[in-house]
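Each remark here refers to the structure printed beneath this line.
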Amino acid sequence: QGPQTFYIVYAMDIEKNPISFPHKDAKLVPGANYVRWNGATSLTWEYSTDSMSTWTSVGLSATGGNRVANWNVPNVATKNAFLRNIQGTDTAIAGPFIILNAPNNLNLDWACPDSIKISFSPVTGATDYTAYILGTTYMDSVYSGTATSMIIPYQPVNGTWLSVSGGINNVQGRRAYAVQLPSGTNACPLPRDGGISALLSPQFITSCQNPVQQVSITVTNPSTQVLDTLPVAMTFGTTTVRDTFYGSLASYADTSFTFATPIVWSGTNTQTLKIWSELSGDQNSLNDTVVQSINYYNSSLYGLPFTQNFDSFSNCGTTTNCGGTVCSLGGDFINLTNGSDDDIDWRTNSGSTASSGTGPSSGTGGSGKYLYLEASGNCEFQEALLYTPCIDLAGSIAPELRFAYHMNGPNQGSLEVAIFNGSSWSILYTQTGNQGNNWNNVAIDISSYTGDTVLFRFKGITGDNYQSDLAIDAIEVEDNIGIPVVDFAAVTNTPCLNTGVVLEDLSSKSPTSWNWSITPSSHSFINGTSSSSQNPEVSFSAYGAYTITLIASNAYGADTLVLANAVTVSPLPSLPFVETWTGNGSVAFTTENPDGSTSWTKGEVTGPTGAKSEVMYMNYFNYSTVGAEDGLLSEKFDINGYNPVLYFDVSYAPYSSAYSDSLVVEVSTDCGASFTRVYAKDGTSLATTSNSQSQFIPGGSSDWRTDSVVLSNSNGDFVQFRIKGIGGYGNNLYIDNIRVISSGTPATATLNVSPICEDTPFSFDLSSS
């Protein structure tokens, strides 16, 4: 009696290398699995499948020095698996956990108003199975049994997901991959069921189309017996209309049905249309009703020809904020609402977009504005919907939609163009992926919509990264029938003597015959073409300016275009010539900058002689677009009677072996029609000094090298060459003193003068023999 003294005796067993996974009650499947632990990396490992009665050694090696190993779990079925590691006298144990395959081939066989049926393949070693349906947060277990098919009490009002797992004596293994459980019934074996699955039209109402709209729906028979009658009804505003489908509708079939009484739209707001079936004795109410909001669009009516190049629109900026930019458009073009109707807006822009390596640098034709999608700022896979105004095709014979698109970038998304004729949308055109750094023109015949009032929808979706800016421009709708409107252009208006040039017919309204005439007469049609060809090829045999006339005609009449001085053939400069970038060189170069970003720039550095020199250079140190090509294109020149050699001075330091750039020389012997690569160096082969992780600037003559390319093998009298840099996010690349001379040893010169001061003139004499 009275106070008693008690003693508690305890011991602490601290595992030195505790196992993090698998843990107690983990669910493993046979085959490859990870083991994770803390502590040492070199341990002895064993597993047990019989509640630790026996142990089997297994070799587990830490991956890359981390406490992670790959374990090929044995192909057994057990709920009494354990894993342990041993280091000296210390042992760490994990378990029990289950090893059991997940069920395969999970299928939803049918869904009825009060239940669903699923089936799956049996799992070796499983004694029971449990089905799961996704609840508010978790996969909730809803049914258990021993069979591989289950009828589960459930009302599929909302779409969700379902799965199943195998178990051993009510200890469940890993779940199968979930499958979707749609809302409503599906293949339900009911003897009497009639439903409405979709509203086909109207989908969209405009101010410029008929306010009287037929209502078309899809009626379904998801029952096991043929339906020959299905009463249906609809409500629009305050009016309810009833009608009946008569016909033989087979089991599990569907068909379209149009109400005899149309609806009459009034107002300018979005309105709701409700449709339902009224089949007597219907055993399933879940598929009877469709309720849909119908959007209204207010637009002026435009006739043909219709053109829009967006140049009068206000720019909307290139801020990389995805749907945060709301862009208001002109000309009755509209962007749909971000966050509800779509994700982002088409933006009006001029010049380049915010990111390099994607998007155009201007509108079509090298200037003007365009509409585009800004993909930067975590704006991947975002949809933008654009509506054109209403366009009246009444009186047209062969109307045609034309537009230009620009889809440059390795991560490009997709473009879709659809037409709305007053009742439904129809897709006219789709394009996906990178289509190059150029504007592409599309022409689509829409003569099947002659007499209708239509509008077009441009749907763009960004790609999986920021380099997926997508643009459109130059939207036109024109009747392509009538007297032709003639137009043409020469592929080049400065061809070489006796070298072919193609004359391109650009006429509209479908001419069927062409008559070309050229003055003076010192020309000939070549390569099987003639004065009646649509796109003839012409060779000019005398210097001078040529006037070209084209008469294009069809059954409706003819049109004529005369272009004076359309082509000028001039004598080309001969050798030698030199470009030092100081003052006016002997040959003009054209800078080629396809992406409108960083390109060849003139600068002053220490040149090949060790003195200050003006040079051309590419700032690859700060230009991160890998693969971007920028060229310096020479004039054409005459090499007849010469054995030409191209010399140039180059200076380059790679950033590293992983980041270096390239220099290429391409030569044309067909007056610029095509080019062949004759020189290519990159990395160490291009380098004139060692790698540099700072911005490279030549420090002396030792940083320069003279390279040469023999042009005497050129098959022709006229040569043009291109020096091209290809970016690799490396370091600055410099070139200087480009010269083309006849083969042989170049003349050398020495200059001995008193010290030369900056901005102080001096004179010298040059003598040669």
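The values are calculated or read from the model by the stated rules, or taken from the named source; none is laboratory data. Being a predicted model, the structure only gives us computed values, none of them experimental. Don't worry about glycine lacking a Cβ; one is built from the backbone with ideal geometry, like all the others, and counts go over all protein chains shown.
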For this session: Output the residue which, of all residues in the range 153-171 that are at pLDDT 95 or above and aliphatic (A, V, I, L, M), is nearest to N284 (Cα to Cα).
Result: L162
Exercise. Which one of these does I639 not meet: (1) over 20 Å from G610 (Cα atoms); (2) free of Cβ contacts under 8 Å to residues at least 24 places away in the same chain?
Worked result: (2)
Problem set entry | Selected residue (criterion: surrounded by the fewest Cβ atoms within 10 Å (Cβ to Cβ)) from residues of the range 107-121 that are small (G, A, S) and within 16 Å of S183 (Cβ to Cβ) | S115
Problem set entry | Flag for P399 being at negative phi and touching a helix residue (DSSP H, G or I) at 6+ places or on another chain (Cβ under 7 Å) | yes
Exercise. Tell me, which residue of the range 322-367 that is part of a strand (DSSP E or B) and not polar (S, T, N, Q) is farthest from E383 (Cα to Cα)?
Worked result: I334
Exercise. Taking the condition at pLDDT 90 or above and touching an Asp or Glu at 6+ places or on another chain (Cβ under 6 Å), does T688 pass?
Worked result: yes
For this session: Within the range 630-660, track down each residue that is in contact with a helix residue (DSSP H, G or I) (Cβ under 8 Å, 6 or more places away or on another chain) and either of a type in the set (D, E) or modelled with pLDDT under 95 (or both).
Result: S657, S660
Exercise. Do we have any residue at all in the range 57-66 that's in contact with an Asp or Glu (Cβ under 9 Å, 6 or more places away or on another chain) and either surrounded by fewer than 19 Cβ atoms within 10 Å (Cβ to Cβ) or of a type in the set (G, A, S) (or both)?
Worked result: yes
Exercise. Quick one: P189 ticks every box in (1) at pLDDT 90 or above; (2) over 13 Å from L106 (Cβ atoms) bar one, so which box is it?
Worked result: (1)
Exercise. Is it the case that the range 2-18 has a residue that's closer than 20 Å to V73 by Cα and either loosely packed, with under 10 Cβ neighbours inside 10 Å or touching a strand residue (DSSP E or B) at 6+ places or on another chain (Cβ under 6 Å) (or both)?
Worked result: yes
Problem set entry | Single residue of the range 534-568 satisfying the filter (buried (at least 17 other Cβ atoms within 10 Å of the Cβ) and hydroxyl-bearing (S, T, Y)) that is nearest to W516 (Cα to Cα) | T549
Exercise. Quick check: is even one residue across the range 296-307 under 43 Å from the mean Cα position of the chain (by Cα), under 22 Å from P156 (Cβ atoms), surrounded by 15 or more Cβ atoms within 10 Å (Cβ to Cβ) and among the aliphatic types (A, V, I, L, M)?
Worked result: no
Exercise. Can you tell me which residues in the range 627-653 are in a strand (DSSP E or B), within 21 Å of V578 (Cα to Cα) and of a type in the set (S, T, Y)?
Worked result: S634, Y647, S651
Exercise. Can you name the number of the only condition in (1) of a type outside the set (K, R); (2) more than 30 Å from S367 (Cα to Cα); (3) at pLDDT 95 or above that F306 fails?
Worked result: (2)
Exercise. Can you name the number of the only condition in (1) within 30 Å of S119 (Cα to Cα); (2) touching a Phe, Trp or Tyr at 6+ places or on another chain (Cβ under 8 Å); (3) buried (at least 19 other Cβ atoms within 10 Å of the Cβ) that L100 fails?
Worked result: (2)
For this session: Filter the range 715-740 down to residues that are in a loop (DSSP other than H, G, I, E, B) and surrounded by fewer than 21 Cβ atoms within 10 Å (Cβ to Cβ) and give me whichever is modelled with the lowest pLDDT.
Result: N715
For this session: With respect to G596, determine if the residue is at pLDDT below 80, over 17 Å from D630 (Cα atoms), surrounded by 14 or more Cβ atoms within 10 Å (Cβ to Cβ) and not assigned by TED's automatic domain parsing to the domain that holds T353.
Result: no
Exercise. In the range 594-626, which residues are part of a loop (DSSP other than H, G, I, E, B) and without any contact (Cβ under 8 Å) to a residue 24 or more places away in the chain?
Worked result: A611
Problem set entry | Selection within the range 351-375 - surrounded by fewer than 24 Cβ atoms within 10 Å (Cβ to Cβ) and among the hydroxyl-bearing types (S, T, Y) | S352, S355, S356, S361, S362, T364, S367
Exercise. Surrounded by 23 or more Cβ atoms within 10 Å (Cβ to Cβ), touching a Ser or Thr at 6+ places or on another chain (Cβ under 8 Å), closer than 13 Å to F456 by Cβ and among the aliphatic types (A, V, I, L, M) - does that describe any residue in the range 383-403?
Worked result: yes
Exercise. What number of residues in the range 221-280 are touching a Leu at 6+ places or on another chain (Cβ under 9 Å), of a type in the set (A, V, I, L, M, F, W, C), in contact (Cβ under 8 Å) with a residue 40 or more places away in the chain and more than 22 Å from C112 (Cα to Cα)?
Worked result: 4
Exercise. For F82, are the conditions met, namely being among the aromatic types (F, W, Y), surrounded by fewer than 16 Cβ atoms within 10 Å (Cβ to Cβ) and either modelled with pLDDT of 95 or more or farther than 21 Å from R175 by Cα (or both)?
Worked result: no
For this session: Those residues that are of a type in the set (S, T, N, Q), under 28 Å from V626 (Cβ atoms) and crowded, with 16+ Cβ neighbours inside 10 Å, I need them from the range 671-714; list them, please.
Result: T688, T689, N691, S692
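Yes or no, residue by residue, for (1) surrounded by fewer than 21 Cβ atoms within 10 Å (Cβ to Cβ); (2) among the charged types (D, E, K, R):
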| position | (1), (2) |
| --- | --- |
| G610 | yes, no |
| M618 | no, no |
| D649 | no, yes |
| A658 | yes, no |
